[in-house]
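Here the structure is laid out as structure tokens; the discussion comes afterwards.
The values are calculated or read from the model by the stated rules, or taken from the named source; none is laboratory data. Quick caveat, the model's predicted, so the values are computed rather than measured. Reconstructed Cβ throughout: ideal geometry from the backbone, glycine too, with neighbour counts over all protein chains shown.
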Amino acid sequence: VRDALEERAQAILRTETIRAVQWREGQLLLLDQRRLHAVCEYLAYTDATEVAEAIRAMVVRGAPAIGVAAAYAVVLAAGQAHAFAGSAWQTAVQTDLVKLRQARPTAVNLHWAIDRMQARLASLDGSDPVPALLELAITIHEQDLHACRRMGQLGAELIGTDANVMTHCNAGALATGGYGTALGVIRAAHSAGKLREVFVDETRPWLQGARLTAWELLREGIPATLIADGAAAFRMQAGGITWVIVGADRIAANGDVANKIGTYGLALSARAHGVKVMVVAPVSTFDTSIESGLAIPIEQRDGAELTALAGQSVAVPGVKTWNPVFDVTPALLVDVIVTERGVIMAPDAEKVRAVLGSGPASSR
Ligand code: MRU
């Protein structure tokens, strides 16, 4: 059984050239996104606590990729708990699940994936839990990749020819099980010959745009121009941009979207300049237990991310900092949310319900 599962995990990877998360021979491999673009190095994990730390430290980042990594981490946790505690493994594994859940607060895919793994875990007996849990983790990985490809098609259909688009952060293969959400749409639009240029926000302070999105686009020969975050509104005013295309970390029941800090400002600029906003996110990114974006927990990170860049101080020592790493864009500023189940034009609570149904997130 394990050999067949290993083969299935390899099959996912064979279809992709950029693989942020890999399962190989009982180990979780994470492409260290802190070092890209300069260094392309995988770190190997056999311990769930270390994966929780890797998620917190952003070795792996992007909501869907965090969910996939956490699912594999639950396999590691259960294997270790079974080795130490035998038939009492279900109790022993709980501490690791809590650590994984606490790794990052905004990306709801993390909780969605752990909820699914936990439901499967609760249905198992005292024997080796690894095959059943690995099967589900691989399914979560496969489903995310398929969702991204479907969203790519659906989103690309909305884009006119010869399009100039703008994106923020990295919502690409690196941020997902593969292919990407926002970058999936951009990839599909490029393949369809519809794309002229992608304007890439550098995305301070972590530079996901400059380091990761630009890297993905250049590798595939997709025309890309890097801009400072502060240049986005001015570039829109100059004309010719038709869409802002971004991913999401959590979408509330009414369609409010939490995404990388700066997305809200982009959406405001877009509305002022007649540019449309497309949010691309799988159903695992929706949190229908939250009525509006006001209730979405926003991660605050260390001010050192603002005051230093690649280890070099770039701010006056001792200055106070405020570093929320996500913001919430009200649904009113979003023209369309693209999911693998279909597109939601001018999203509101009713339209979100119509596409998602009203079941609990874990059953999706
Ligand atoms: O802090 P990060 O890099 O994990 O933030 C990632 C984003 O904000 C992405 O836009 C979002 O997770 C969607 S990724 C498909």
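Descriptive notes on the structure:
- Exclusive hit being outside any loop (DSSP other than H, G, I, E, B), within 16 Å of the ligand (Cβ to nearest atom) and farther than 23 Å from Arg34 by Cα, set Val355, Val338, Val343: Val338
- Qualifying residue in the stretch 323-333 (condition: loosely packed, with under 11 Cβ neighbours inside 10 Å and free of Cβ contacts under 8 Å to residues at least 24 places away in the same chain): no
- The set of residues in the stretch 182-210 that are among the basic types (Lys, Arg) and surrounded by 21 or more Cβ atoms within 10 Å (Cβ to Cβ) contains only Arg187.
- As a summary of the residue check, Gln90 satisfies the conditions (1) assigned to a helix (DSSP H, G or I); (2) surrounded by fewer than 24 Cβ atoms within 10 Å (Cβ to Cβ); (3) touching an Asp or Glu at 6+ places or on another chain (Cβ under 7 Å) except for the one numbered (3).
- Going through (1) among the polar types (S, T, N, Q); (2) within 21 Å of Ala258 (Cα to Cα); (3) touching a strand residue (DSSP E or B) at 6+ places or on another chain (Cβ under 8 Å) one by one, Thr176 falls short only on (3).
- Residue check, Thr176 touching a residue at least 24 places away in the same chain (Cβ under 8 Å) and either within 16 Å of the ligand (Cβ to nearest atom) or more than 15 Å from Ile241 (Cα to Cα) (or both): yes
- Among the residues making up the stretch 33-69, those that are small (Gly, Ala, Ser) and more than 21 Å from Asp128 (Cβ to Cβ) are Ala38, Ala44, Ala52, Ala54, Ala57, Gly62, Ala63, Ala65, Gly67, Ala69.
- Only residues that are modelled with pLDDT of 95 or more, more than 21 Å from the chain's Cα centre (by Cα) and surrounded by 14 or more Cβ atoms within 10 Å (Cβ to Cβ) were counted across the stretch 51-87, and they come to 7.
- Taken over the stretch 21-69, the residue count meeting the criterion of being assigned to a helix (DSSP H, G or I), within 16 Å of the ligand (Cβ to nearest atom) and either more than 16 Å from Ala173 (Cα to Cα) or acidic (Asp, Glu) (or both) is 7.
- Evaluating Glu16 against the criteria (1) in contact (Cβ under 8 Å) with a residue 60 or more places away in the chain; (2) more than 16 Å from the ligand (Cβ to nearest atom); (3) among the charged types (D, E, K, R) leaves one unmet condition, (2).
- Scope the stretch 183-228; condition under 28 Å from Gly303 (Cα atoms), in a helix (DSSP H, G or I) and either touching a residue at least 24 places away in the same chain (Cβ under 8 Å) or away from the ligand (no atom under 14 Å from the Cβ) (or both); matching residues: Gln208, Gly209, Arg211, Leu212, Thr213, Ala214, Trp215, Glu216
- Ala48 vs. criteria within 20 Å of Gly178 (Cβ to Cβ) and buried (at least 22 other Cβ atoms within 10 Å of the Cβ): no
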